[in-house]
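Step one of this worksheet: look at the structure below.
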Amino acid sequence: MAVLQKLPQRRRLVLLCLVLAALWEAGVGQMRYSVPEEIDKGSFVGNIAKDLGLEPRELAERGVRIVSRGRTQLFALNPRGGSLVTAGRIDREELCSQSTLCLVNFNILLEDKLNIYSVEVEITDINDNAPRFGVEELELKISETTTPGFRIPLKSAHDADVGENTLQKYELNSNDHFSLDVRSGADGNKYPELVLERALDREEEAVHHLVLMALDAGDPVRSGTSRIRVMVLDANDNAPVFTQPEYRVSVPENVPVGTRILVVTATDADEGYNAQVAYFQEKTPGESSEVFELKSTSGEITITKSLDYEDAKFHEIDIEAQDGPGLLTRTKVIVTVLDVNDNAPEFYMTSATSSISEDSPPGTIIALFNVHDRDSGKNAFLTCSLPENLPFKLERSVDNYHRLVTTRALDREQFSSYNITVTAKDGGNPSLSTDAHVLLQVADINDNPPMFPHTSYSAYIPENNPRGASIISVTAHDPDSDDNAHVTYSLTEYTLQGTPLSSYISINSDTGVLYALSSFDYERFRDLQLWVTARDSGTPQLSSNVFLRLFVLDQNDNIPEILYPTLPTDGSTGVELAPRSAEPGYLVTKVVAEDKDSGQNAWLSYRLLKASEPGLFAIGLHTGEVRTQRALLDRDALKQSLVVAVQDHGQPPLSATVTLTVAIADSIPDVLADLGSLEIPHDSDASGLTLYLVVAVAAVSCIFLAFVTVLLALRVRRWYTSRLLQVSRGRLANVPASQFVGVDGVQAFLQTYSHEVSLTADSRKSHLIFPQPNYADTLISQESCEKSDFLSVPQTLLEVEEETFPQVSDEVLHFT
């Protein structure tokens, strides 16, 4: 303090703060208290709240509690006053036996921050035990020849207390022959001895009755007494003597019961009966007398009960040797128990959690536990370890406390739970270990979107499907759990040919099954492209998409459509022209058809179902070309009727038929000549118009015939050349155009100039059309000149019965 006063005021304040801080850190790390034994339950020991720097109310709020290693709890916390109190009666002698210093250690845990503080409480002794002798009455035999000054060791008393409360002195009642002398041993104990002050005379007094009193220095003073009866004998003036004043032996704690550990020996200088020595074990309040057995005749000491280093590290045995007349001497045997590694480490789980979120940061505390080994030395040196490849580690704290913490982020989808095995191993040989298991569940968070097993899907559905038909099932998997793994499905909406997709297809939001809401038509659209979305039910919601292409499969639901020849809109039927000079294989016409289906359903074949002259015409199976099979004869009828069937290859096959009318004539005038023989109907309303039409046709035919004659002369060398007549469908809508190769080079003229004449029995329906010339034709090769020209004639025009004209009523003749 004098040095502090010499320092400046500011430096003194700084130094004082540093000293106080050092004292505070020392106080926080280790708290020490003292309490006497045998005080009432709930007695005050120390102010824990104050020493921890807390208010009393904060003890409960911060989870302050006492942690001890499995022993009986001697102290408790008073949450109201914030003090440490006794939890029951404390017996120092039961805890620490006769140890000079009796300390009880435990820990204080602050659960909110998992801080550990060490507490040490000293149990002070009170004078609650009086000195006690092993025997209440002691009998001594002394020869009358014993000279004054002879000493006789007496039974010593035992006091369980320590310090001033333990045995301090002995007192002997007043008598004429004996006095009491107390000697202090090397161990600090006091041993009373009876000293003969005056020679004995057995005849004067054969028995002397003495009272030995043992007293302590406690408050109040306690005492114990032992009665001594001294019998005077003759001639035995030597007591037995041990070979060692004190015996020491070390024994492992696992030595078997019945093992001899030591032999004590005492000799007596007397002879005969006075030299016969017997050994006795002095009974003490401790357990040593129950652990060892002394053979009175041989002095052998054997073990009668298993030793335990953890219960008692050493044992003291008081042994007396007594000769025949009764003289005795005393020695002490100290048995040191050696520790062996017979105790495995013990776990005390202080705090542990059973579940942790998978997004918990590294360093999250899973458990706090203490490890203790009852052995000592290297047998109690503990190491704790975890299995490899686990995302956890151990952090050592004070007093063998350990924390189990995470080392990295966890993934529930990889491991949903951990059975963590913590192994504690001591340093003994052989080493002992103990396993503790911590079962940890990893709580799920929504960190995985639903995933489809394929990047895209293809599905097929036949057209004309029933409404509500199942198309395909798509399934997405979410590795999360519970609501985070509950997947719902939906379709991305868009417009298909002006109609929302939802009008065609729907999806079951729970199963992912797609259904057709309408019947599909392959001819309308052949595939659909759509996106399927899978969403989970977590927070936040996650989703993924997959592309699905739906192909519509064609069904044979369309019959072949005849494109040529076509029926005129006015109800007439076209007629094809075949010259009588046509050679076999001559191309008369070609049936053109199409099928709106596809693939095999659209493969068409042509068959000739019916012909008025069998064997005259044939049709190509796949081309539809109608050709002559033989040369035409004069006897062949002017009009030939053919029924052609067009059939696809679907299952079942569908077909369509068309009736062809072929007029056999070398030229149009021949046709007209044949028509001239027809009788004009006598219908007064139609005869006039019909007559004018016939005259007009005849005039045009004459002009046409003259022109053909001139043309034949100019193109006689080019009769092998032909042109392909192409019908201008834009101007002559719904009117079939026929094309034919004329005889003697008339083909070019017919390709550039055409007439259409419609004749009917009813003059009001007859008409004559002169279309514009068509110059869009192209030349074809000489080899293709064999292609037939097309002559469209009404189907029933030439159905003449008995060559009468009225048979052509309501029919139309087309010349092209």
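Points to keep in mind about this one:
- Remark: accessible surface ordering of 293, 144, 61, 576 (largest first) is 61, 293, 144, 576, probe radius 1.4 Å.
- Heavy-atom accessible area ranking, 1.4 Å probe, most first, across 564, 191: 191, 564
- Qualifying lysines (Cα of each under 24 Å from Cα of residue 41; at least 8 residues distant if same chain): 50
- Over region 35-152, relative contact order from alpha-carbon pairs under 8 Å, at least 6 apart, %: 28
- Dipole of region 594-656 [Lys/Arg +1, Asp/Glu -1 at C-beta], most positive-end residue of 638, 626, 608: 638
- The local environment of residue 329, defined by Cβ-Cβ distances under 15 Å, has a net charge of -3 under the rule Lys, Arg +1 and Asp, Glu -1.
- Across 126, 317, the residue with the most accessible area heads the list, and the full order at a 1.4 Å probe is 126, 317.
- Of the solvent-accessible surface of region 456-553, computed with a 1.4 Å probe over protein heavy atoms with every protein chain present, carbon and sulfur atoms account for 48 percent.
- In terms of Cα atoms, the Rg and Dmax of region 369-512 work out to 28.3, 91 Å.
- Taking each residue as 0.36 nm, the span from residue 278 to residue 631 lengthens on full extension beyond its C-alpha to C-alpha distance by 111.0 nm.
- Shown is the FRET efficiency for residue 445 and residue 515, computed with R0 = 30 Å from the Cβ-Cβ distance and rounded to the nearest 0.05: 0.30.
- If you count Lys pairs in region 262-405 whose Cα atoms are under 18 Å apart, skipping same-chain pairs closer than 8 places in sequence, the total is 8.
- Amide H within-cut-off set for residue 338, under 5 Å, with H built and near neighbours excluded: 251, 253
- Cα extents for region 199-336 along the principal axes, largest to smallest and rounded to whole angstrom: 57, 49, 20.
- Using a probe of 1.4 angstrom and keeping all protein chains present, the accessible surface of region 30-122 works out to 52 square angstrom per residue.
- Ligands, DNA and RNA are left out, and with a 1.4 angstrom probe the accessible area of region 561-669 is 45 Å² per residue.
- Taking amide H as placed 1.01 Å from N in the peptide plane, the amide H of residue 625 sits under 5 Å from that of 591, 620, each at least 5 places away or on another chain.
- Taking 12 Å as the straight-line reach from the Cα of residue 425, the aspartates and glutamates in range (excluding those fewer than 8 positions away in the same chain) are 346, 373, 435.
- Region 30-122 - percent of accessible surface contributed by carbon and sulfur, probe 1.4 Å: 43
- Contact order normalised by residue count of region 137-233, Cα under 8 Å, 6+ apart, percent: 39
- Sequence-ordered 3J(HN,Hα) estimates for region 111-125 from the Karplus curve with 6.51, -1.76 and 1.60 and θ = phi - 60° stand at 5, 5, 10, 6, 9, 10, 10, 8, 10, 10, 10, 8, 9, 8, 7 Hz, glycine and proline given as x.
- Ligands, DNA and RNA excluded, the heavy atoms of residue 213 present near 60 Å² of accessible surface to a 1.4 Å solvent probe.
- Region 645-659 versus region 598-635: alpha-carbon centroid distance in Å: 14
- Residue 50 accessible area, assembled protein chains, probe 1.4 Å, Å²: 150
- Amide hydrogen neighbours beyond the local backbone of residue 32, cut-off 5 Å, H modeled: 120
- In sequence order, calculated HN-Hα J values of region 470-479 (Karplus, 6.51, -1.76, 1.60; Hz; x Gly/Pro): 6, 9, 7, 10, 10, 10, 10, 10, 10, x
- Here the 3J(HN,Hα) profile of region 611-626, calculated from phi with Karplus coefficients 6.51, -1.76 and 1.60 at θ = phi - 60°, is 9, 5, 10, x, x, 7, 10, 9, 10, x, 4, 10, 9, x, 7, 9 Hz, Gly and Pro shown as x.
- Its Cα gyration tensor gives region 346-434 an equivalent ellipsoid; the semi-axes, largest first and in whole Å, are 28, 13, 10.
- Mean separation of Cα contacts under 8 Å, 6 or more apart, over the residue count of region 346-434: relative contact order %: 33
The values are calculated or read from the model by the stated rules, or taken from the named source; none is laboratory data. Just so it is clear, the structure is predicted and the values come from calculations on it, not from any experiment. With ideal geometry, Cβ positions are generated from the backbone for all residues, glycine too; neighbour counts draw on all protein chains shown. These area figures cover heavy atoms from the full protein model, side chains too; ligands, DNA and RNA do not enter into them. Shrake-Rupley method; radii C 1.70, N 1.55, O 1.52, S 1.80 Å.
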